[in-house]
1. Within 13 Å of the ligand (Cβ to nearest atom) and surrounded by 23 or more Cβ atoms within 10 Å (Cβ to Cβ) - does that describe any residue in the stretch 109-122?
2. How many residues are closer than 18 Å to Pro32 by Cα, over 18 Å from the mean Cα position of the chain (by Cα) and in contact (Cβ under 8 Å) with a residue 40 or more places away in the chain when one looks only at the stretch 66-105?
3. If you take the residues of the stretch 275-290 that are modelled with pLDDT of 95 or more and hydrophobic (A, V, I, L, M, F, W, C), which of them is most open to solvent (accessible area, probe 1.4 Å)?
4. Among what's in the stretch 21-65 and is among the charged types (D, E, K, R) and out of contact with any Phe, Trp or Tyr (no Cβ under 9 Å at 6 or more places or on another chain), pick the residue that is nearest to the ligand (Cβ to nearest atom).
5. Between a residue in the stretch 22-41 that is modelled with pLDDT under 95 and any residue that is part of a strand (DSSP E or B) and of a type in the set (Gly, Ala, Ser), which pairs come within a Cβ distance under 7 Å, given they are 6 or more apart or on different chains?
6. What about Val84, is it more than 8 Å from the ligand (Cβ to nearest atom) and surrounded by 23 or more Cβ atoms within 10 Å (Cβ to Cβ)?
Amino acid sequence: MAELQEVQITEEKPLLPGQTPEMAKTHSVETPYGSVTFTVYGTPKPKRPAILTYHDVGLNYKSCFQPLFQFGDMQEIIQNFVRVHVDAPGMEEGAPVFPLGYQYPSLDQLADMIPCILQYLNFSTIIGVGVGAGAYILSRYALTHPDTVEGLVLINIDPNAKGWMDWAAHKLTGLTSSLPEMILGHLFSQEELSGNSELVQKYRNIITHAPNLENIELYWNSNNRRDLNLERGGAVTFKCPVMLVVGDQAPHEDAVMADSGGQPQLTQPGKLTEAFKYFLQGMGYMASSCMTRLSRSRTASLTSAASIDGNRSRSRTLSQSSESGTLPSGPPGHTMEVSC
Ligand code: BEZ
């Protein structure tokens, strides 16, 4: 019998007829580290945090988050929240190339720009959604401004500076790699790259032909990140609930925090939407009647799994624990891990 092969399927569920994306308004604010641009969708909802996103290197808010936020099932979630999508400096559409010698902000400085955005918008709290470098930036922000972060969704984060430096050293051994190929190697796994799917071709094309490639290189180089110094039970902990997402295509998936490979927000928007809905429900923001039958049954099985295994557990889809192995959250936070 022919061997069965696992096939990667990109979920597509576009907006239904009559479902139109909400109006977007783009703003720029000056900060001590330069100007930052962000786009706001929807209107502020009383007593609800804003969802604030931060994209990975080589992308901008649209190329990183549009497939997720325009996914059909996502609409019932996001209609309840105003969204703020931040573009790292020089990554916004039409951004001019920075002059030679321009000092690009460090990731910690990028995190320090977020209060200026929230002050400008008069928003007091957020739920952060970040991918890769964006996940690091939002983590750093959450650690320095814990009272303003109600929840964090961290996709493919590597909070460990050593892990990042090892990865960078490994990548640098391929000295012949061009910047776009290095970035693609950060975003996708080797398996995905050699499969050269339509998605990989699309992102290779976007990055290779980016008019702001010099700016992208600066964001790339700013990635010499500091260790977040998170330890189980340690002094540095998140005070909010955290949803950790690891792409199945991430080469270091078993290390929980992947630094490259797999963009689940592009390839698995349905799974991610469902997990996000469950996460928000845990925070008291989604009535359980809004949940799909599938998530309701997963909720039931999760609850029982959590009571049997009090320690950190990990399944292919969802697991939840009061403590996570690498990114602990002190009470009242909880950590939920999602592999997709
Ligand atoms: C949003 O509705 O938040 C959204 C729409 C398009 C692209 C990104 C986000």
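The values are calculated or read from the model by the stated rules, or taken from the named source; none is laboratory data. If you're wondering where the values come from, they're calculated on a predicted model, not measured in any experiment. Every residue, glycine as well, gets a Cβ built from its backbone with ideal geometry; the counts of neighbours run over all protein chains shown. Ligands, DNA and RNA are stripped out before the accessible areas are found, and what is left, the full protein with its side chains, is counted by its heavy atoms. Shrake-Rupley method; radii C 1.70, N 1.55, O 1.52, S 1.80 Å.
1. No, the stretch 109-122 contains no residue that is within 13 Å of the ligand (Cβ to nearest atom) and surrounded by 23 or more Cβ atoms within 10 Å (Cβ to Cβ).
2. 5
3. Among those residues, the one meeting the criterion is Met283.
4. Checking each candidate, the answer is Lys62.
5. Once the first residue is modelled with pLDDT under 95 and sits in the stretch 22-41, no partner that is part of a strand (DSSP E or B) and of a type in the set (Gly, Ala, Ser) comes close enough.
6. On the way: more than 8 Å from the ligand (Cβ to nearest atom): yes; surrounded by 23 or more Cβ atoms within 10 Å (Cβ to Cβ): yes.
For Val84, the condition - more than 8 Å from the ligand (Cβ to nearest atom) and surrounded by 23 or more Cβ atoms within 10 Å (Cβ to Cβ) - is met.
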